[in-house]
1. Given the residues Thr144, Thr111, which is the only one that is under 30 Å from Arg342 (Cβ atoms) and hydroxyl-bearing (Ser, Thr, Tyr)?
2. Only residues in region 138-151 that are at pLDDT 80 or above count as the first member; pair them with residues that are crowded, with 22+ Cβ neighbours inside 10 Å and aromatic (Phe, Trp, Tyr), Cβ under 9 angstrom, at least 6 apart or cross-chain, and list the lot.
3. State all residues of region 158-176 that are open to solvent by 10 Å² or more (accessible area, probe 1.4 Å), part of a helix (DSSP H, G or I) and touching a residue at least 40 places away in the same chain (Cβ under 8 Å); if no residue qualifies, say none.
4. In region 239-276, how many residues are in a helix (DSSP H, G or I) and within 14 Å of Thr321 (Cα to Cα)?
5. Here are Thr94, Thr79: which of them is of a type in the set (S, T, N, Q) and at pLDDT 90 or above?
6. Between residues in region 296-315 that are under 16 Å from Leu260 (Cβ atoms) and residues that are open to solvent by less than 10 Å² (accessible area, probe 1.4 Å) and hydrophobic (A, V, I, L, M, F, W, C), which pairs lie under 6 Å by C-beta distance while being six or more apart or on different chains?
7. Among the residues of region 278-294, count how many are assigned to a helix (DSSP H, G or I) and open to solvent by less than 30 Å² (accessible area, probe 1.4 Å).
8. I'm told Val236 meets every condition in (1) surrounded by fewer than 21 Cβ atoms within 10 Å (Cβ to Cβ); (2) more than 17 Å from the chain's Cα centre (by Cα); (3) within 18 Å of Gly359 (Cβ to Cβ) except one. Can you identify the failing condition by its number?
Amino acid sequence: MPLLNKVRTAVPGGSGGDTATHSLSRLRVALTLFFALDGFLFAGWVVRIPAVKQQTGASAGDLGLALLGVSAGAVITMTLTGRLCRRYGSHAVTVATAVLLSLSVALPALTRSPLALGLVLLAFGAAYGGINVAMNSAAVDLVTALRRPVMPSFHAAFSLGGMIGAGLGGLLAGGLSPTAHLLGLTVVGLVLTAVAGPVLLRHPAPAPAPESLAPAAGAKGGRSGGSRRVVLVFGVIALCTAYGEGALADWGALHLEQDLGAHPGVAAAGYSVFALTMTAGRLSGTALLERLGQTRTLVLGGTTAAAGMLLGALAPSIWATLLGFAITGLGLANIFPVAVARAGAVAGPGGVATASTLGYGGMLLGPPSIGFLADWFSLPVALTTVAVLAAGAAAMGYWARNAGASRTS
């Protein structure tokens with residue numbers, strides 16, 4: 001991932017270090033807000049999927065096709081966002097896509113047919129894919145400049161935003177229409193963008209410390225065949241776990257409401273407890289990594305998530321399903337950040353970009369896949385694929401345990 005729009009910023013501890021530290025701290029806070037906003041808006045949409053499905057008269061297959069619009073829009077945008085960041089800077093693109101995401105989140109509630117829903121979700125997906133690439137590009141630059149492994153804190157903010165968005169959605173689901181709710185999310189998104197956006201626009205992406213560039217240069221951007229294969233393995237690990245996150249976000253509430261007869265507010269709590277345990281897991285991720293190491297964290301996380309999702313998908317009671325969702329969130333919490341970090345250890349910023357793109361692709365492709373499988377079999381059976389892929393991620397993590405070991409042990 002290229003380092004974009006560099007300025008001659010002093011590194012902390014050097015000449016002008018106090019000014020540089022203050023500037024980097026403000027950037028970190030602003031970027032954290034954008035990660036949280038991304039999770040908040042996305043969760044606010046997903047908890048209203050059952051209501052939008054009902055108002056459009058969509059079947060499970062129709063909904064799966066409509067959700068494919070999110071995936072298609074995101075994939076198209078992800079291929080273009082890198083060029084936009086190189087031309088305009090990752091900070092400017094982050095702000096622009098935040099505005100677009102805030103505006104587009106209100107559109108699904110205005111539709112009355114599966115076709116119209118798919119078209120507006122194409123726009124929503126384009127904004128969602130764009131902001132994820134742009135803000136992760138900005139975060140990679142900031143992490144490099146800080147010389148501290150703070151990337152999990154950004155992903156924790158995303159999870160926390162998702163938890164708040166899902167919890168608020170659960171409270172509002174019984175008494176507020178989807179239209180009023182999603183329009184309220186638009187207002188919140190635009191206000192937060194107006195608060196945090198100027199910080200990013202005033203401060204170009206910071207220049208890293210000179211020594212921090214050495215590992216990436218030594219990795220040669222992952223050009224060798226062996227490095228590319230290893231990066232792809234970690235990218236697939238990220239994809240497998242993000243698949244589960246996307247599946248639970250879009251289908252967890254529907255499973256609770258449709259298959260188990262949960263009240264809409266309780267159904268919305270399914271994603272909330274998942275996001276809560278994922279947030280807790282990411283906030284404690286640094287300590288866990290220091291204690292267990294990266295390989296054992298990957299293996300333990302994957303097996304825990306697989307067990308939790310089997311419980312969540314197949315349990316006959318609402319509370320057992322909620323417990324399964326919670327265990328799944330705890331298991332998946334640190335796999336994505338670790339996979340991206342390992343890819344970066346092998347191939348530098350290029351490895352981070354590849355693994356991140358594959359990971360977000362899994363989050364976006366999971367929901368429509370679940371929809372098709374639910375039509376062919378049933379929604380509980382479809383959700384067991386989350387467990388299968390989580391177990392696969394654990395196995396791949398163990399297989400690739402020596403990749404990048406010199407930098408990740």
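1. Numbers: Thr111 fails: under 30 Å from Arg342 (Cβ atoms).
Checking each option against the conditions leaves just Thr144.
2. Taking only residues 6 or more apart or on different chains, the pairs are Ala138/Phe34; Ala139/Phe35; Ala139/Phe154; Leu142/Phe154.
3. Phe158, Leu160, Met163, Ile164, Gly167, Leu168, Gly170, Leu171, Ala173
4. Residues of region 239-276 in a helix (DSSP H, G or I): 239-260, 264-276.
Next cut, within 14 Å of Thr321 (Cα to Cα) only: 248, 251-260, 266-274.
The qualifying residues number 20.
5. Working: Thr79 fails: at pLDDT 90 or above.
One residue alone meets the criteria, Thr94.
6. Met309/Val386; Met309/Ala387; Leu310/Ala387; Gly312/Phe325; Ala313/Leu383
7. Residues of region 278-294 assigned to a helix (DSSP H, G or I): 278-283, 285-292, 294.
Of the ones still in play, those that are also open to solvent by less than 30 Å² (accessible area, probe 1.4 Å) are 278-279, 281-282, 285.
Residues that pass the stated criteria total 5.
8. (2)
The values are calculated or read from the model by the stated rules, or taken from the named source; none is laboratory data. None of these values were measured; they are calculated from a predicted model. All Cβ positions, glycine included, derive from the backbone under ideal geometry; neighbour counts span all protein chains shown. For the accessible areas, the whole protein counts, side chains as well, though only heavy atoms, and no ligand, DNA or RNA atoms are used. Shrake-Rupley method; radii C 1.70, N 1.55, O 1.52, S 1.80 Å.
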